[in-house]
Amino acid sequence: MNKFKVFFTFIAFLWLLFCGAGAIFAIASGDGGNSMLAWLGLLINAWALPVWMLLRYRYPEKFAGDLRASGALFGVLVGLAIVLLTDTALGLPIYLAIGNLFVLLVYLYHLSTVMHPKMPAVDDKFPQLELAGGQNWEARQFCSARHLRGVLVVFLRGAFCAASRRQLHQLHGLMPELARRNIGMLLLSGQLPAHWPASLTAERTALAGEDCRLEQLDIAGTNAQGFIAGSAAPFLLHAFRRPARCTNAVRPSAWLLDADGYILWRELAMNYRVPAEAENLRSQLSRVED
């Protein structure tokens, strides 16, 4: 299922890019047979989602995502409106623009969803995890060694994910509140900390301390399998696989544990574009003190 979603997501984005390129060609050549405004509307309609995703990827601290991908949806609808108003001949642009809206909706509400297996429930003990390098992580030992009241464990989809990059930036801002409440934090992804972008260097440096850490999850670990979505990284990582790059993705989730490693609260993201927001996590920290 993961490979199916990854492949069809790639095909959907490729279709949108070629559709926009075709609109540019029609505008430049003047041979489109329709109003130039209709082709311009199609260009906006087709490239709204790719441009929105690129902006979120490059500037995660500035562009926030939501379930509807409001920026992309706005562009798609604006482009469709221009086409509907100007394509009086009911030519190719109108059919392509409507089709692109359908592609966007399929991506938003199907291709970007996350399916979680059966996971530990609230009041269960959180499992021991295997980290890259052969290390084991256990919540009770982590808290005991640092005299912490609890620990926040957050699974990030990966350095390739715009939502994960924004989440890492937000969680860096949550660190003073965690320190005030004497709560630790462990962030886990499928990549080494060094593979996160240079624009997040300050965040990576701050998350190399004793109480708050960014670590790589051992994707082959027995207890890690429920947190890993095999072959769910973007298609280009599969096509240009390198030893340093992981083609698996981590299922985004957040867990608040007490000092003994029992689960006080959890959030399993249903869509990888909208993982747990830092403000939502902040509002749950008081559970450690109850």
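Hand me the GluC sites (Glu not before Pro) from segment 93-187 located in a DSSP loop with no more than 11 other Cβ atoms within 10 Å, in residue order please.
Values: sites: Glu130, Glu138, Glu177; in loops: Glu138.
The qualifying sites: there are none.
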Query raised in the report: Put a dot 7 Å past each Cα toward the Cβ at Asn280 and Glu61; how far apart are the dots in nm?
Result: 2.3 nm
Query raised in the report: Sorted by accessible area with a 1.4 angstrom probe, largest first, how do Leu200, Leu105 fall?
Result: Leu105, Leu200
Report task. With a 1.4 Å probe and all protein chains in place, put Lys118, Lys125 in order of accessible area, largest first. Result -> Lys118, Lys125
Report task. Report, in whole Å, the centroid distance computed from the Cα atoms of segment 168-184 and segment 1-80. Result -> 36 Å
**Report entry** For segment 103-238: accessible area per residue (Å², 1.4 Å)
**Finding:** 42 Å²
Report task. May I ask for the angle, rounded to the nearest 10°, between helix 36-58 and the longest principal axis of the chain, with both axes built from Cα atoms and the value confined to 0 to 90°? Result -> 10 degrees
Query raised in the report: Amide H to amide H, which residues 5 or more places from Met185 or on other chains are under 5 Å from it, using H placed in the peptide plane?
Result: Leu152, Cys212, Arg213
**Report entry** Estimated inter-spin distance, Met119 and Met36, nm [label 7 Å along Cα→Cβ]
**Finding:** 5.2 nm
Report summary line: Expected vector for segment 163-169, Karplus 3J(HN,Hα) from phi with 6.51, -1.76, 1.60 and θ = phi - 60°, integer Hz, x for Gly and Pro, equals 5, 5, 4, 5, 5, 4, 4
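Grab the other residues whose beta carbon is less than 11 angstrom from that of Glu277, score K and R as +1, D and E as -1, and report the net. Intermediate values should be presented prior to the final figure.
On the way: positive: Arg166, Arg282; negative: Asp66, Glu267, Glu279.
It works out to a net charge of -1.
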**Report entry** Rounded tilt (10° steps) of 70-86 against the dominant C-alpha axis of the chain
**Finding:** 10 degrees
Query raised in the report: Per-residue HN-Hα couplings for segment 118-124, Karplus 6.51 cos²θ - 1.76 cosθ + 1.60 at θ = phi - 60°, whole Hz, x for Gly and Pro?
Result: 5, 10, x, 9, 4, 6, 7
Query raised in the report: How about segment 182-222: which GluC sites (Glu not before Pro) there are in a DSSP loop, with at most 12 other Cβ atoms within 10 Å of their Cβ?
Result: Glu210
Report task. May I ask you to evaluate 6.51 cos²θ - 1.76 cosθ + 1.60, the Karplus curve with θ = phi - 60°, for each residue of segment 267-278 and list the ³J(HN,Hα) values in order in whole Hz, giving x for glycine and proline? Result -> 9, 9, 5, 8, 9, 5, 7, 10, x, 4, 6, 4
Report summary line: Expected field for Asp87, accessible surface area in Å² at 1.4 Å probe radius, rounded to 10, holds 0 Å²
Query - Rounded to the nearest 10 Å², the accessible area of Phe102 at probe 1.4 Å - result: 140 Å²
Report summary line: Rounded to the nearest 5, the percent of antiparallel DSSP beta bridges in the chain equals 65 percent
Requested in this report: Enter the accessible area of Met270 (Å², nearest 10), with the probe set to 1.4 Å and all protein chains included.
Outcome: 120 Å²
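Per DSSP H run of n ≥ 4, the term is -39500 (n - 2.57); total these for the chain, divide by its residue number, and report the mean residue ellipticity at 222 nm rounded to 500 deg cm²/dmol. Could you put the intermediate results ahead of the total?
Working: 9 runs with 128 residues, N = 290.
For the chain, the value works out to -14500 deg cm²/dmol.
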Query raised in the report: Hey, rough spin-label estimate for Ala28 and Asn136, points 7 angstrom out along Cα→Cβ, what's it come to in nanometres?
Result: 6.1 nm
Requested in this report: Return the long-range amide H neighbours of Arg251 (sequence gap of 5 or more, or a different chain), with a cut-off of under 5 Å between placed amide H atoms.
Outcome: Ile228, Ala229
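The values are calculated or read from the model by the stated rules, or taken from the named source; none is laboratory data. Note that the structure is predicted; figures quoted are calculated from it, not measured. For neighbour counting, all protein chains shown are included, and Cβ atoms are generated from backbone atoms with ideal geometry for every residue, glycine included. Note: accessible area is taken over every heavy atom of the protein model, side chains too, but ligands, DNA and RNA are not part of it. Shrake-Rupley method; radii C 1.70, N 1.55, O 1.52, S 1.80 Å.
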